[in-house]
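S.K.: Quick one: structure below, then a few questions.
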Amino acid sequence: MTEGKYNIKAVSTLTGIQPGTLRAWERRYDILEPVRNEAGHRLYTDEHIRKLKWLSEKVQQGFTISQAASLLDQHNDAPSYLPNTESSQHEALTEELLQALLRFDEVKAQELINKAFALYTIDNVTINILAALLVRIGTLWEGGEITTAHEHFATSILRSRIGMVMHSFPHNGVLPKVIAVCGPDEWHELGLLIFTLFVRRLGYEVVYLGASLKEGDIFTVTEIVQPKFLFLSCTLLQNLEPTLQLADELKEKYPKIDIGIGGAAMNGRIPERAAQYVVGGSQSEWNKWMSSRL
């Protein structure tokens, strides 16, 4: 094991992350396991610094810390920085893709995405380029820096390519089916997309329904699919209660289906009855939750 050499104050200075935030991240998401000196003080390694910088970058791009932690958990090579020249090429390609999308140049955008897949791993392109741009486009639109037309066009292309990657993973016919959908009035799909990528990688056949459905539609889909697992995503606190009500109704109607809820709204204080639906915010927690119910 690499010997720790940075105390928490030094780490905070190097990464720009406040000590209290560092402790909270360690406690809630099992991101790091710093060694302790004889006095019981945390000591961090260079690898810890790299991971924390990577997580900080993801948060600055618009990911929540729970989403960034799950990405870190899924991709062990994620924190490894590219050499400077390759990193610059990565950033330049991402920026060029963004500009093509904002010019409504679909041919160029698809060409750049194909180039990215030729240069980098599927995980890198899907998470660090396509999903990151999805977040960035949303932020630009919410800030009034781009029009709704820009947002719709760019989002359509990015989601389409992410969907193609998800559907490229073969599914294991022995494993049960899964439904993944956003809760009522939820339109933030990124967390659900990340979760679905993870589940598909395990070999599950996932029926991905995306953003909020019309009332009652989820029951129709459930009747047809007959899944073992049904996952709801809830990002906004104002939508948590309607999402819990939907989960309760689904559980009452389909008692044999295991229902889970993820998303930022589940990370804080939640009603006592919601505990049964918590799937966690990292790959290890998702895996544990699913494995315990097979």
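Values in this text are rule-based calculations from the coordinates and carry no lab data. All values derive from a computational prediction rather than experimental measurement. We place every Cβ from the backbone using ideal geometry, glycine too, and count neighbours over all the protein chains shown.
S.K.: Which GluC sites (Glu not before Pro) in region 159-236 pass both tests, a DSSP loop state and at most 13 other beta-carbon atoms within 10 Å?
M.R.: Taking region 159-236 and a limit of 13 other Cβ atoms within 10 Å, the loop GluC sites (Glu not before Pro) found are Glu215.
S.K.: By its C-alpha gyration tensor, with a ≥ b ≥ c as the square roots of the eigenvalues, how is region 231-294 shaped: rounded for a/c under 1.5, else prolate for a/b larger than b/c, else oblate? Walk me through the numbers on the way to the answer.
M.R.: Working: a/c = 2.05, a/b = 1.09, b/c = 1.89.
It comes out oblate by the Cα gyration axes.
S.K.: Follow-up question, since we're still on this one. For the chain, what does the alpha-carbon gyration tensor say about shape, rounded, prolate or oblate, given a ≥ b ≥ c as the root eigenvalues, a/c under 1.5 as rounded, and a/b over b/c as prolate?
M.R.: Oblate.
S.K.: So, one more: Where does each of Ser292, Ser233, Ser156 land when they are ranked from fewest to most other beta-carbon atoms within 10 angstrom? Don't skip to the end; give the middle numbers.
M.R.: Values: Ser292 8, Ser233 31, Ser156 12.
In increasing order of surrounding Cβ atoms, one gets Ser292, Ser156, Ser233.
S.K.: Now for a different question. If Lys and Arg each add +1 and Asp and Glu each add -1, what is the summed charge of the other residues whose beta carbon sits under 14 Å from the beta carbon of Thr243?
M.R.: Local charge sum for Thr243: -4.
S.K.: Order of Cys182, Cys234 from fewest to most other C-beta atoms within 10 Å?
M.R.: Cys182, Cys234
S.K.: Tell me the GluC sites (Glu not before Pro) within region 1-52 that lie in a loop according to DSSP and have at most 13 other beta-carbon atoms within 10 Å.
M.R.: Numbers: sites: Glu3, Glu26, Glu38, Glu47; in loops: Glu3, Glu38.
For GluC sites (Glu not before Pro) across region 1-52 that sit outside H, G, I, E and B with at most 13 neighbouring Cβ atoms in 10 Å, the list reads Glu3, Glu38.
S.K.: At a Cα cut-off below 20 Å, give the lysines reachable from Lys288, other chains included and same-chain residues fewer than 8 away excluded.
M.R.: Partners within reach: Lys177, Lys228, Lys256.
S.K.: Longest segment of the chain with no trypsin sites (Lys or Arg not before Pro) in a DSSP loop having at most 14 other Cβ atoms within 10 Å?
M.R.: 104-213
S.K.: Sum up the charges of everything whose Cβ sits under 14 Å from the Cβ of His167, counting Lys and Arg as +1 and Asp and Glu as -1, but leave His167 out. If you can, show how the numbers build up before the last one.
M.R.: Working: positive: Arg159, Arg161, Arg200, Arg201; negative: Glu205.
For residues surrounding His167, the net value is +3.
S.K.: A further question follows. Which shape class applies to region 177-291: rounded if a/c is under 1.5, otherwise prolate when a/b exceeds b/c and oblate if not, where a ≥ b ≥ c are the square roots of the Cα gyration tensor eigenvalues?
M.R.: Judged from the Cα gyration tensor, region 177-291 comes out rounded (a/c under 1.5).
S.K.: I would also like to ask the following. Setting aside same-chain residues fewer than 8 positions from Lys115, which aspartates and glutamates have a Cα under 18 Å from its Cα?
M.R.: Result set, ordered by chain and number: Glu86, Glu91, Glu95, Glu96, Asp105, Glu106, Asp123.
S.K.: Here's something else I'd like to know. Grab the beta carbon distance between Thr21 and Val278, set R0 = 25 Å, and tell me the FRET efficiency rounded to 0.05. Please list the in-between numbers first.
M.R.: Numbers: r = 22 Å, r/R0 = 0.89.
Computed FRET efficiency for Thr21 and Val278: 0.65.
S.K.: Would you report the distance distribution of C-alpha pairs in region 8-61 as whole percents per 5 angstrom bin, up to the bin with the largest distance?
M.R.: It works out to 4, 19, 32, 30, 10, 3, 1, 0, in whole percents.
S.K.: Can you give the helix-only mean residue ellipticity at 222 nm for the chain, where every DSSP H stretch with n ≥ 4 adds -39500 (n - 2.57) and the sum goes over all residues, rounded to the nearest 500 deg cm²/dmol?
M.R.: Result for the chain, helices only: -16500 deg cm²/dmol.
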